[in-house]
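Remarks on the structure that follows.
The values are calculated or read from the model by the stated rules, or taken from the named source; none is laboratory data. None of the values given here were measured: they were computed from a predicted structure. No Cβ is skipped: glycine too gets one built from the backbone with ideal geometry, and neighbour counts run over all protein chains shown. Accessible surface areas use protein heavy atoms only, side chains included; no ligands, DNA or RNA. Shrake-Rupley method; radii C 1.70, N 1.55, O 1.52, S 1.80 Å.
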Amino acid sequence: MAEGDNRSTNLLAAETASLEEQLQGWGEVMLMADKVLRWQRAWFPPAIMGVVSLVFLTIYYLDPSVLSGVSCFVMFLCLADYLVPILAPRIFGSNKWTTEQQQRFHEICSNLVKTRRRTVGWWKRLFTLKEEKPKMYFMTMILSLAAVAWVGQQVHNLFLTYLIVTFALLLPGLNQHGIISKYIGMAKREINKLLKHKEKKNE
């Protein structure tokens, strides 16, 4: 058991080191994005919502086709991949890279590796469910996809995408400041109260 844990830890460390090497040119940008997403200043949340709203309003105004939208998005990613490693050191100054920043960059890369592992783990569990309990798998998939299709039919695609992107960008800050935990705790307490009230009625 201990040997398996050590192997897993060593593999995680190797994957993290490899990702750090790949993203070294994005280090300064990632640290800045981390500060914004974790709401280190009070005006960061409205700034995030403002930028996302501006982008989606521009898309709504231009109303590009799917092919044009995908092409422009991929083109933007290619430009960012080429320009960011060149411009970031000049803008932020790599010579000011501190031990604390290096540690935070390592933590970000480690979290990204763990997230990738969780995603792969969930994907493997899905296929395991398909092999072991095919009926449950197909029922779950059909019901889930039908629910998503119904929501997509009721809500405008662009607006639904706007809500998803906004929530995804606000999620790290919500977690960092304990807002999600707070409301989950409140929901659990209310559910427990309802269950206790129901038990008393049954008695």
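For Val151, the criteria (1) closer than 20 Å to Val36 by Cβ; (2) in contact with a helix residue (DSSP H, G or I) (Cβ under 8 Å, 6 or more places away or on another chain); (3) loosely packed, with under 11 Cβ neighbours inside 10 Å hold in every case but one, which is (1).
Considered as a group, the residues in the stretch 124-148 that are among the charged types (D, E, K, R) and surrounded by 11 or more Cβ atoms within 10 Å (Cβ to Cβ) include one that is farthest from the chain's Cα centre (by Cα), and that residue is Lys133. Residues that are under 29 Å from Gln176 (Cβ atoms), out of contact with any His (no Cβ under 9 Å at 6 or more places or on another chain) and open to solvent by 100 Å² or more (accessible area, probe 1.4 Å): does the stretch 46-53 have at least one? No. Among the residues of the stretch 10-23, the ones that are assigned to a helix (DSSP H, G or I), out of contact with any Gly (no Cβ under 9 Å at 6 or more places or on another chain) and in contact (Cβ under 8 Å) with a residue 24 or more places away in the chain come to 4 in all.
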